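Reading through the structure tokens given below for one structure.
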Amino acid sequence: MNKLAVWMTRLYPKGWRARYGDELDALLADTGADARVVTDLFRGGIRMQFKTWSFLKLAIALGLGGLLLGAGVAQLLPSIYISRATLQIAATRIDENMPATSLRNGLNARILQMETQLLSRTELSRIITNPRLDLYATERKVKPLEDVIEDMKAAIHVDFIALPGALGERALAVDIGFTYPDRFLARQTVQALTDRFMEISMTPYSADARSEGVLQVVETPSLPQSPISPNRLVIVFMGFLAGIVMAFLWRATRKTGFIRQPLAIAAVTLVITLLTAGLSYLIPNQFRSNAAVQIAGRTHEDMRAMREQVLSRTVLAAVVNDPRLLLYRDELKTMPLEDVIEQMKKHLQIDLLRTPDAILFTVGFDGPDRYKDQMVVNAILDKLDWANAQMPPITPRPQPNVLQSVIEVLDQPNLPTSPIKPNRYVIAAIGGIIGIVLAALIAIIRRRWKPEPDFPVNAIPE
Amino acid sequence: MSDPTLLVLASLAQGDKHGYSMMLDIETFAGVKLGPGTLYGAITRLEQQGWIRPVKSTDRRRPYTITPAGRGHLQEQLSGLQQVVKTGLSRLRPA
């Protein structure tokens, strides 16, 4: 232990040891060394080093420390893997007289319909709760299944790749990917998605779409995961700036006191920032649920008329008074229904969107309760369906062409060998950079408010 | 009170001492056992502030003495503490 204590004295800066080294050795000879003394010397040596280190040494030490800490943190983060499979979907004509453009349009519409079905709530919940997969088991214990389905949707990637040449006229490649912490389950899930995609493709499909006159869901009402407002990041940043300004203003008005001490600026800034962050949580969240539908065969004027019908007082009153939705209960106690309907209209968007293939209704509703927002969007889609039924029926086109799609698996689901995230090198590097920045701050503050310590050997009287 | 710099000044107020004597004295009057690192950290700060200075000695065990500025600082700190102790005790007394 005595030897260890002597080693600890070597932690002290050279200048300091030149001045006090002999005295400290003499003291250790008198006290002896135990674990407490060794620890005390270690702490004292490190503190004295920090008081005397130049910026370069501090930057290296804190940079290395940050790098190691970052690497440690990166190891604790769960790895995420992605498994992918590639399929080729080719449309085959049943009617040889079908024009090529119809075939291509039919293929595009068919794939859109297959993707929508594959990513529907019913299909995904079936995959999640499949006992062989048992996906998101931990999350399902603490979250509603709706939220878990949204998580899974975000983890599934379906990308369409155009194929070159003549094949591209009637076929597309589809890349299906799934990200998950368990690489085996990632592969098995992609296999399940691929199998289901192939099953969906078995049914024949009409090339000229699109079940004319029938409301088809292009995007199901979303369950929003994060609020559209308030933007807490912006609020906290404004609080940070306000904290800095207030701290400097305070300092300018005082010649003595806390604010003149080192790190006072940082402390005041931190307090104001934290206070702002806390206050931002008093602002209620606003979530937005969105959906998109199309009705093939309807003109722009038809759809505009349907939109006006849904936004009418009668229809919206029915939505507000729907006992399943319980909308605006508090407002209805103090405001007339007309005013409540006007308030609802401010949060409801029903727009017409022209695409090359169709005209879509996009429906959005924002409110503080994300589940209710989704239910309201569903209710509005029901009203659009009702409004569509009120319109004159569409005359079906003669001899609809029928095509079939053939799916071929180009690449089986792979078993990933390395994770796509986290990027552990980047995290470690960020830790190192933070360490260097911290060293710079310490050096600046120390130089500004505290002179460099001096251990003059000639202070000792002769 | 456990601030090492005040403990060292209080010890030296009685008379010049070297490090080991200071440690023993402080343990006796304050019940605080300062480690060598803590003690010499305090001695370093006090000497930089000009509140103590080393005394001529041929031994490695160098004694220190409190300076007039050090006495003034100790007086000021202890008066402040005394006021706190007096107020606290009076508030603890049953009404």
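The values are calculated or read from the model by the stated rules, or taken from the named source; none is laboratory data. Remember, predicted model here, so these are calculated numbers, not experimental data. Cβ sites come from the backbone with ideal geometry, for glycine too, and all protein chains shown count toward neighbours. Accessible surface areas use protein heavy atoms only, side chains included; no ligands, DNA or RNA. Shrake-Rupley method; radii C 1.70, N 1.55, O 1.52, S 1.80 Å.
Return yes when A:Ile82 is of a type in the set (A, V, I, L, M, F, W, C), closer than 30 Å to A:Ala440 by Cα and modelled with pLDDT of 85 or more and no when it is not. Break it down stepwise before answering.
Numbers: of a type in the set (A, V, I, L, M, F, W, C): yes; closer than 30 Å to A:Ala440 by Cα: no; modelled with pLDDT of 85 or more: yes.
No, not satisfied.
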I'd like to know if segment A:341-356 contains one or more residues that are in contact with a strand residue (DSSP E or B) (Cβ under 7 Å, 6 or more places away or on another chain), under 30 Å from A:Arg104 (Cβ atoms) and assigned to a helix (DSSP H, G or I).
no
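Kindly establish whether A:Gly44 is assigned by TED's automatic domain parsing to the domain that holds A:Ala439, farther than 30 Å from A:Ala155 by Cβ and of a type outside the set (S, T, N, Q).
Values: assigned by TED's automatic domain parsing to the domain that holds A:Ala439: yes; farther than 30 Å from A:Ala155 by Cβ: yes; of a type outside the set (S, T, N, Q): yes.
Criteria met by A:Gly44.
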Within segment B:1-13, identify whether any single residue is touching a residue at least 12 places away in the same chain (Cβ under 8 Å) and farther than 22 Å from B:Ser79 by Cα, and answer yes or no.
no
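Evaluate the following for A:Ile156: is it touching a Leu at 6+ places or on another chain (Cβ under 8 Å), under 21 Å from A:Gln412 (Cα atoms) and modelled with pLDDT of 90 or more? Lay out the reasoning, then the answer.
On the way: touching a Leu at 6+ places or on another chain (Cβ under 8 Å): yes; under 21 Å from A:Gln412 (Cα atoms): yes; modelled with pLDDT of 90 or more: yes.
Yes.
Within segment A:362-383, can you find the residues that are touching a helix residue (DSSP H, G or I) at 6+ places or on another chain (Cβ under 6 Å), open to solvent by less than 30 Å² (accessible area, probe 1.4 Å) and either over 20 Å from A:Asn285 (Cβ atoms) or in a helix (DSSP H, G or I) (or both)? Before you say what the answer is, go through the steps one by one.
Filtering segment A:362-383 down to residues touching a helix residue (DSSP H, G or I) at 6+ places or on another chain (Cβ under 6 Å) leaves A:363, A:365-367, A:379, A:383.
Filter once more, so that each one left must be open to solvent by less than 30 Å² (accessible area, probe 1.4 Å): A:363, A:365-367, A:379.
Hits for segment A:362-383 are A:Val363, A:Ala379.
Just checking, does segment B:24-35 include any residue being more than 9 Å from chain A (Cβ to nearest Cβ), surrounded by 19 or more Cβ atoms within 10 Å (Cβ to Cβ), within 25 Å of A:Phe42 (Cβ to Cβ) and under 10 Å from the mean Cα position of the chain (by Cα)? Before you say what the answer is, go through the steps one by one.
First pass over segment B:24-35, keeping only residues more than 9 Å from chain A (Cβ to nearest Cβ): B:24-32.
Retained after the next criterion (residues that are surrounded by 19 or more Cβ atoms within 10 Å (Cβ to Cβ)): B:26.
Restricting the remaining residues to those that are within 25 Å of A:Phe42 (Cβ to Cβ) gives B:26.
When the remaining residues are screened for being under 10 Å from the mean Cα position of the chain (by Cα), the result is B:26.
Looking through segment B:24-35, at least one residue is more than 9 Å from chain A (Cβ to nearest Cβ), surrounded by 19 or more Cβ atoms within 10 Å (Cβ to Cβ), within 25 Å of A:Phe42 (Cβ to Cβ) and under 10 Å from the mean Cα position of the chain (by Cα).
With the requirement that a residue be among the aliphatic types (A, V, I, L, M) and surrounded by 14 or more Cβ atoms within 10 Å (Cβ to Cβ), what does segment A:336-361 give you?
If we filter segment A:336-361 for residues that are among the aliphatic types (A, V, I, L, M), which is where we start, we get A:337, A:340-341, A:344, A:348, A:350, A:352-353, A:358-360.
Residues satisfying the conditions are A:Leu337, A:Val340, A:Ile341, A:Met344, A:Leu348, A:Ile350, A:Ala358, A:Ile359, A:Leu360.
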Could you list, in sequence order, all residues of segment B:46-65 that are open to solvent by 40 Å² or more (accessible area, probe 1.4 Å), in a helix (DSSP H, G or I) and more than 9 Å from every other protein chain (Cβ to nearest Cβ)?
B:Gln49
Which of the residues spanning segment A:1-14 are in contact with a helix residue (DSSP H, G or I) (Cβ under 7 Å, 6 or more places away or on another chain) and part of a helix (DSSP H, G or I)?
A:Leu4, A:Ala5, A:Met8, A:Thr9
Restricting to segment B:1-42, count the residues that are in a helix (DSSP H, G or I), more than 19 Å from B:Thr67 (Cα to Cα) and touching a Gly at 6+ places or on another chain (Cβ under 8 Å).
3
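Go over the candidates A:Leu68, A:Leu64, A:Leu76 one by one and state the one that is farther than 30 Å from A:Tyr180 by Cβ, more than 13 Å from chain B (Cβ to nearest Cβ), modelled with pLDDT of 85 or more and open to solvent by 50 Å² or more (accessible area, probe 1.4 Å). Show your work before the answer.
Details: A:Leu68 fails: farther than 30 Å from A:Tyr180 by Cβ; A:Leu76 fails: farther than 30 Å from A:Tyr180 by Cβ.
Among A:Leu68, A:Leu64, A:Leu76, only A:Leu64 is farther than 30 Å from A:Tyr180 by Cβ, more than 13 Å from chain B (Cβ to nearest Cβ), modelled with pLDDT of 85 or more and open to solvent by 50 Å² or more (accessible area, probe 1.4 Å).
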Criterion first (in contact with a strand residue (DSSP E or B) (Cβ under 6 Å, 6 or more places away or on another chain) and at pLDDT 70 or above) does A:Val426 satisfy it?
no
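Here is a yes/no grid of residues against (1) more than 10 Å from every other protein chain (Cβ to nearest Cβ); (2) open to solvent by less than 10 Å² (accessible area, probe 1.4 Å); (3) touching a His at 6+ places or on another chain (Cβ under 7 Å); (4) within 18 Å of B:Ile43 (Cβ to Cβ):
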site	(1), (2), (3), (4)
A:Met8	no, no, no, yes
A:Leu11	no, no, no, yes
A:Gly15	yes, no, no, yes
A:Ala26	no, yes, no, yes
A:Ala33	no, no, no, no
A:Val38	no, no, no, no
A:Arg43	no, no, no, yes
A:Gln49	yes, no, no, yes
Given (1) modelled with pLDDT of 85 or more; (2) part of a helix (DSSP H, G or I); (3) in contact with a Gly (Cβ under 8 Å, 6 or more places away or on another chain), number of the condition A:Met48 does not satisfy:
(1)
Output the number of the condition that B:Ala10 fails; it satisfies all remaining conditions of (1) open to solvent by 80 Å² or more (accessible area, probe 1.4 Å); (2) more than 14 Å from chain A (Cβ to nearest Cβ).
(1)
Single condition A:Leu103 does not satisfy, out of (1) on the phi > 0 side of the Ramachandran plot; (2) crowded, with 18+ Cβ neighbours inside 10 Å; (3) at pLDDT below 90
(1)
Selection from segment A:269-319 of residues without any contact (Cβ under 8 Å) to a residue 40 or more places away in the chain and within 21 Å of A:Thr220 (Cα to Cα) yields A:Leu311, A:Leu316
Of (1) open to solvent by 90 Å² or more (accessible area, probe 1.4 Å); (2) at pLDDT below 85; (3) not hydroxyl-bearing (Ser, Thr, Tyr), A:Pro323 fails just (2)
